[in-house]
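Structure first, commentary second.
Derivation of every value follows stated rules applied to the coordinates shown; laboratory data play no part. In this text the structure is predicted, and so the values were computed from the model without any measurement. We place every Cβ from the backbone using ideal geometry, glycine too, and count neighbours over all the protein chains shown.
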Amino acid sequence: MKALVKTAAGPGHLELADVPEPQAKPGWVVLAVRYGGICGTDLHIEADRHPYYPPVVLGHEFVGVVASVGPEVTGWSAGDRVVCEPHALFCGRCEQCRRGLVRLCASKRAPGWGIDGAFAPFVAVPAALLHRVPDEVPDERAAVCEPAAVAARALNRVGIVPGDRVAVLGPGPIGILAALQAAARGADRTVLIGRDPGSARMRTAAELGVECATDLVGEVDVVVDTTGSSAAVTAGIGALRRAGRLVTVGVGDETFAVPWRDALFRSVDVKFSFSSAYEDWRGVLSLMRRGALPAERLTTVFDLADWERAFAAVADRRVTKALVRP
């Protein structure tokens, strides 16, 4: 089968190549991929700025249908429509795993960088990480479940409650998904902050009913940073009320100073959020089923053979979320 493979270490080395179809080993299933989502991580792998183990098929965001079931798998059958958490090869024995934090296991190897991923017609994944997609959720919506769950983990880290005033920094897919979920959880006001009000992403957010602005104005209870930017985090801390909460899910490349005394004397909480957990996926699928998270309105679909144009559209921010169809 044809798959999008990072063939060797270093910048570039990304190509459509022939690879064997995966087999369903004990405890695993093989999925026929419907859609795979392009993440910033995929661009970072292409540029040699994220860990990976070549040769490896990219793609860790996907929706598919069970094609075959391996030995020792129960509860799943061919034809089941599913999404999958990206925590393959967690050990189950370390302290993190025993505390239920499999996303933080040092042995974890996610599809798309640690094991072969879903930019291919078929992908093999552990059955223990599957979630059934409700009938009410179309494929293009379900394909965005992984970044939506990452956004949900960030919100769960700071505990959004009804009445909260929330500012989300960065209008990328995770920022928009975080803003939509904050509103669905009862936030009194949610504002998405982006630098360019005329950008495709800000327009998409506004069309979904998200309030958008270019600057933080007034005090807020919660700041969700999706940028990883020093300036954004500093501004976010400054916008918090006393005892406010900030969570950052943005991947930054820099080490930076924070307004330490200001944060200390106002007793703000600053947290970091990485990946996602079972309850995040469960909650996201519930919101998707009820129509509160119409994530398909963020998507633009490309054929896998047209992956170069899709990657360029994501890099240039001409689309909000690109899906590839193998």
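Shape of region 27-171 from the C-alpha gyration tensor: rounded (a/c under 1.5, with a ≥ b ≥ c the square roots of its eigenvalues). Placing unit charges on each Cβ (+1 for Lys and Arg, -1 for Asp and Glu) gives the chain a dipole about its Cα centre, and among 264, 167, 76 the Cα reaching farthest toward its positive end belongs to 264. Remark: the residue 290-residue 65 segment gains 78.8 nm on full extension, using 0.36 nm per residue and subtracting the alpha carbon distance. Qualifying trypsin sites (Lys or Arg not before Pro) in region 1-106, where qualification requires a DSSP coil assignment and no more than 16 other C-beta atoms within 10 Å, comprise 49, 93, 99.
With both residues required to sit in the chain, DSSP beta bridges show an antiparallel share near 50%. Placing pseudo-labels 7 Å out from each Cα toward the beta carbon at residue 76 and residue 203 gives an inter-label distance of 4.0 nm. Dividing the Cα radius of gyration of region 150-272 by its Kirkwood radius returns 0.94 for Rg/Rh.
Spin-label model, residue 47 to residue 234: label points 7 Å out along the Cα-to-beta-carbon direction sit 2.2 nm apart. Computed about its Cα centre, the charge dipole of region 150-272 is approximately 280 debye, with only Lys, Arg, Asp and Glu carrying charge at their Cβ. For region 150-272, relative contact order (Cα pairs under 8 Å, six or more residues apart, normalised by length) works out to 25 percent.
Helical runs assigned H by DSSP (4 residues or longer) give the chain a calculated mean residue ellipticity at 222 nm of -7500 deg cm²/dmol, each run adding -39500 (n - 2.57) before division by the residue total. Pairs exceeding a 31 Å alpha-carbon distance, out of 2/25; 6/321; 25/271: 25/271.
Classified by the C-alpha gyration tensor, the chain has a prolate form. Its axis ratio a/c, with a ≥ b ≥ c, is 1.5 or above, and a/b is larger than b/c. Dividing the mean sequence gap of close Cα pairs (under 8 Å, 6+ apart) by how many residues region 160-200 holds gives a relative contact order of 51 percent.
Charging the Cβ of each Asp and Glu at -1 and of each Lys and Arg at +1, and nothing else, the dipole of the chain about its Cα centre rounds to 820 debye.
When the Gaussian network model of the chain links Cα atoms closer than 10 Å, the mean-square fluctuations of 251, 150, 210 top out at 251.
Full extension of the chain between residue 1 and residue 189 gives 62.9 nm of extra length, using 0.36 nm per residue less the Cα-Cα distance.
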